[in-house]
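J.: Please see the structure below; I have some questions.
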Amino acid sequence: MNIISPINTLGYGVAGLNITKHLNKHRAVSLWPIGQPQVTTQEDADLVSSCINNAQLFEREDPCLRIWHQHDMSQFVGRGEHIGFPIFELDEFAPQERHHLNSVDRLFVCSEWAKEVCTTNNIKPAVDVVPLGVDSKLFKPCEPSTNEKTIFFNCGKWEIRKGHDILYKIFNKAFDTNDNVELWMMTSNPFMTPEEDQQWKKLYLDSKLGDKIRFIDRVNTHQEVYNIMAKTDCGIFPSRAEGWNLELLEMMSCNKPVIATKCSAHSSFCNSKNSYLVEAPEKELAYDGKWFHGRIGSWAKMQTKQIDEFAECMRAVYKNKDRSNQNGVETAKKFSWENSANTIRGILYGRE
């Protein structure tokens, strides 16, 4: 099989690496990395190197899978089926995106929500759902924290889309200076300037509970991410829209309670049994002045009601002595990278 994908620690890169790794167990993968590959273990380095070497004598009749943005689906390898695998957050496509999506032979998307978006936007190629996964051997269930302090955790690069403009307000609404809580933010964004990063941090540090907020620098490995998650008590993700939300699923896999907006792609794995969910039924044009410009596509509208309900959920976790999430653990088991690869194999090759 031929795969074109980033290989790094960002969303597309994590998907590309893990799908390549598990498909390669069953049939040789020829890999064309987008950008410079970045791996964190020797095992992954050896795998990527081997698959890149395979590309020297690639099979031109094999299908080619491009794991990349929906506006850039023009470049493929060989004469086999051309399959796009975009991970998008909004409910409408721009003309360029629609043109590129309609240019492929087949599409993979990671949720039923995304498939519905394609249908609504009259995308013509066949669309199959291939859920992404979590490495449950790494993000393994851990015992609930025994710390007296309750630590809430948010992971995901600084963005209005991820609700970072309201999370500090939620935290300040939920607690006062006497509550034994902290909010840990691992939110550095490699696509922002240092000045933009400082502007975000200032919103939090200047708030009522700024002394209870801790910023964690970006780490190099997923093992380090797990080590941080293991020390926390609950994940909070007040997102307006998500293409998947891997960090939320990783927190579930770690046996941690999670609080999330009931919307978009993570509705594939979030429900009332494994998550504290906040309804956000109204939508608004997606605008943040940086990546989304309010012209095409909508996301969940966050109002005072949602801020209040997120705060209530944080209070509920704080008061609940049982800070585990066995239902979340069981959910995460269903979303393995091996299952992602097997779904692809089943679609393309049937039972082998």
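J.: Read through the list (1) open to solvent by 50 Å² or more (accessible area, probe 1.4 Å); (2) over 30 Å from R27 (Cβ atoms); (3) at pLDDT below 95, then give the number of the only condition that E352 fails.
T.: (2)
J.: Identify, by number, the condition in (1) buried (at least 17 other Cβ atoms within 10 Å of the Cβ); (2) closer than 23 Å to H222 by Cα; (3) touching a strand residue (DSSP E or B) at 6+ places or on another chain (Cβ under 9 Å) that V14 doesn't meet.
T.: Failed condition: (3).
J.: Taking region 179-204 as the search range and keeping residues that are modelled with pLDDT of 95 or more and part of a loop (DSSP other than H, G, I, E, B), which one is most open to solvent (accessible area, probe 1.4 Å)?
T.: N180
J.: A further question follows. For region 214-229, check the following and say yes or no: at least one residue is of a type in the set (D, E, K, R), farther than 29 Å from V130 by Cβ and open to solvent by 10 Å² or more (accessible area, probe 1.4 Å).
T.: Yes, because at least one residue in region 214-229 is of a type in the set (D, E, K, R), farther than 29 Å from V130 by Cβ and open to solvent by 10 Å² or more (accessible area, probe 1.4 Å).
J.: Among the residues of region 11-20, is any closer than 28 Å to E242 by Cα, in a loop (DSSP other than H, G, I, E, B), touching a Pro at 6+ places or on another chain (Cβ under 9 Å) and hydroxyl-bearing (S, T, Y)?
T.: no
J.: Got a sec? Which of F76, F58 is within 22 Å of R345 (Cα to Cα), touching a residue at least 60 places away in the same chain (Cβ under 8 Å) and open to solvent by 20 Å² or more (accessible area, probe 1.4 Å)?
T.: Step by step, each of F76, F58 is checked, and only F76 is within 22 Å of R345 (Cα to Cα), touching a residue at least 60 places away in the same chain (Cβ under 8 Å) and open to solvent by 20 Å² or more (accessible area, probe 1.4 Å).
J.: Could you identify the single residue in S207, S145 that is modelled with pLDDT of 95 or more, farther than 23 Å from G243 by Cα, surrounded by fewer than 20 Cβ atoms within 10 Å (Cβ to Cβ) and of a type in the set (S, T, Y)?
T.: S207
J.: Among residues belonging to region 245-269 that are touching a Phe, Trp or Tyr at 6+ places or on another chain (Cβ under 9 Å) and assigned to a loop (DSSP other than H, G, I, E, B), point out the one that is nearest to E159 (Cα to Cα).
T.: The residue in question is N245.
J.: Given K290, K319, K273, which one is more than 27 Å from F88 (Cα to Cα) and open to solvent by 30 Å² or more (accessible area, probe 1.4 Å)?
T.: K319
J.: Exactly one condition in (1) in contact (Cβ under 8 Å) with a residue 24 or more places away in the chain; (2) surrounded by fewer than 19 Cβ atoms within 10 Å (Cβ to Cβ); (3) part of a loop (DSSP other than H, G, I, E, B) is false for M302; which is it?
T.: Of (1) in contact (Cβ under 8 Å) with a residue 24 or more places away in the chain; (2) surrounded by fewer than 19 Cβ atoms within 10 Å (Cβ to Cβ); (3) part of a loop (DSSP other than H, G, I, E, B), only one is false for M302: (2).
J.: Taking I296 as the residue in question, decide whether it is out of contact with any Asp or Glu (no Cβ under 8 Å at 6 or more places or on another chain) and either touching a residue at least 24 places away in the same chain (Cβ under 8 Å) or part of a helix (DSSP H, G or I) (or both).
T.: No; evaluated as a whole, the condition is false for this residue.
J.: Would you pick out the residues in region 108-126 that are crowded, with 19+ Cβ neighbours inside 10 Å and either in contact with an Asp or Glu (Cβ under 8 Å, 6 or more places away or on another chain) or at pLDDT below 95 (or both)?
T.: F108, V109, V117
The values are calculated or read from the model by the stated rules, or taken from the named source; none is laboratory data. Keep in mind that what you see is a predicted model, and the values were worked out from it rather than measured. With ideal geometry, Cβ positions are generated from the backbone for all residues, glycine too; neighbour counts draw on all protein chains shown. The protein model used for the area step is the full one, side chains on, heavy atoms only, and it has no ligands, DNA or RNA in it. Shrake-Rupley method; radii C 1.70, N 1.55, O 1.52, S 1.80 Å.
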